[in-house]
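Asks: Sending over a structure as structure tokens; questions will come in a sec.
The values are calculated or read from the model by the stated rules, or taken from the named source; none is laboratory data. Please read these numbers as outputs of a predicted model, since none were measured by experiment. Neighbour counts are summed over all protein chains in view; Cβ atoms, including those assigned to glycine, are modelled from backbone coordinates with ideal geometry. Keep in mind that these areas ignore ligands, DNA and RNA; they rest on the heavy atoms of the full protein, side chains included. Shrake-Rupley method; radii C 1.70, N 1.55, O 1.52, S 1.80 Å.
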Amino acid sequence: NNENSRKEIVDSVDSLFTPLKAIVQSMRSHSSAWPFLEPVKKSEVPNYYDIIKSPMDLKTLNEQVRSKQYSSRAQFVTDAQKIFDNCRTFNPPESDYFKCATTMENFFYNKLRDHGLVD
Ligand SMILES: COc1cccc2onc(N)c12
């Protein structure tokens, strides 16, 4: 009935909540995470938001996990992927930023698999 289906939804969010918290935490402590720890500052990179229309960073991602905005793996993966894609859109392939994005992306998908959040 409605009460049970509501409980199932709540349970599915909670059962997702724990692994997502752990994955974001592990990303934030990665040595290559430094470009992504906070939103890019417009004061530091004036043209960034003229080019990147859907910004994302690990602090924001963490806040959204903790405020239970994600009820599916796909929603979480879509937002995390923005971090990597935005960086590779804005920066040249030989830049440190671009390399960090790919390192963090590989780390991210390995973590998803570690937590059984398979492709
Ligand atoms: C501090 O991060 C940056 C500074 C400058 C350009 C940037 O593109 N993507 C970034 N994460 C970035």
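Asks: When a/c reaches 1.5 or more, the comparison of a/b and b/c decides; with that in mind, is the range 53-119 rounded, prolate or oblate per its Cα gyration tensor? Could the numbers behind the result be given before it?
Replies: On the way: a/c = 2.42, a/b = 1.45, b/c = 1.68.
Oblate, since a/c reaches 1.5 and b/c is not below a/b.
Asks: Kindly give the semi-axes, whole Å and largest first, of the ellipsoid equivalent to the chain, taking each as the square root of 5 times a Cα gyration tensor eigenvalue. Before the final figure, lay out the partial values.
Replies: Numbers: eigenvalues 173, 50, 26 Å².
Working through the eigenvalues yields semi-axes of 29, 16, 11 Å.
Asks: Let me ask something additional. Which of 75, 86, 102 sits farthest toward the positive end of the charge dipole of the chain, with +1 on the Cβ of Lys and Arg and -1 on the Cβ of Asp and Glu?
Replies: Result: 75.
Asks: Given Cβ point charges of +1 (Lys, Arg) and -1 (Asp, Glu) and nothing else, what value in debye, to the nearest 20, does the dipole of the chain about its Cα centre take?
Replies: The dipole of the chain has a size of about 160 debye.
Asks: Sticking with this structure for a sec: Between the DSSP loop rule and a limit of at most 15 other Cβ atoms within 10 Å, which GluC sites (Glu not before Pro) in the range 8-90 are left? All intermediate terms of the calculation are to be shown ahead of the outcome.
Replies: Working: sites: 8, 44, 63; in loops: 44.
Counting only loop positions with at most 15 other Cβ atoms within 10 Å, the GluC sites (Glu not before Pro) in the range 8-90 are 44.
Asks: Given a 1.4 angstrom probe, I'd like the percentage of the accessible area of the chain that is carbon and sulfur, rounded to a whole number. Could the numbers behind the result be given before it?
Replies: Details: 3670 of 6920 Å².
Carbon and sulfur atoms account for 53 percent of the accessible area of the chain.
Asks: Also, I was wondering about something else. Rounded to the nearest 10 Å², what accessible area does residue 28 have for a 1.4 Å probe in the complete protein model?
Replies: Residue 28 has an accessible surface of roughly 80 Å² with all protein chains in place.
Asks: Something else about it: On a 0 to 90 degree scale, rounded to 10, what angle separates helix 73-90 from the longest Cα axis of the chain?
Replies: 0
Asks: Heavy atoms only, probe 1.4 angstrom, no DNA, RNA or ligands counted: give me 40, 118 ranked by accessible area, highest first.
Replies: On the way: 40 45, 118 90 Å².
Accessible-area ranking of 40, 118, largest first: 118, 40.
Asks: Output ³J(HN,Hα) for the range 97-109: one whole-Hz value per residue in order, computed from phi by the Karplus curve 6.51 cos²θ - 1.76 cosθ + 1.60 with θ = phi - 60°, and x for Gly and Pro.
Replies: Couplings: 4, 4, 5, 4, 4, 6, 4, 5, 5, 4, 4, 4, 5 Hz.
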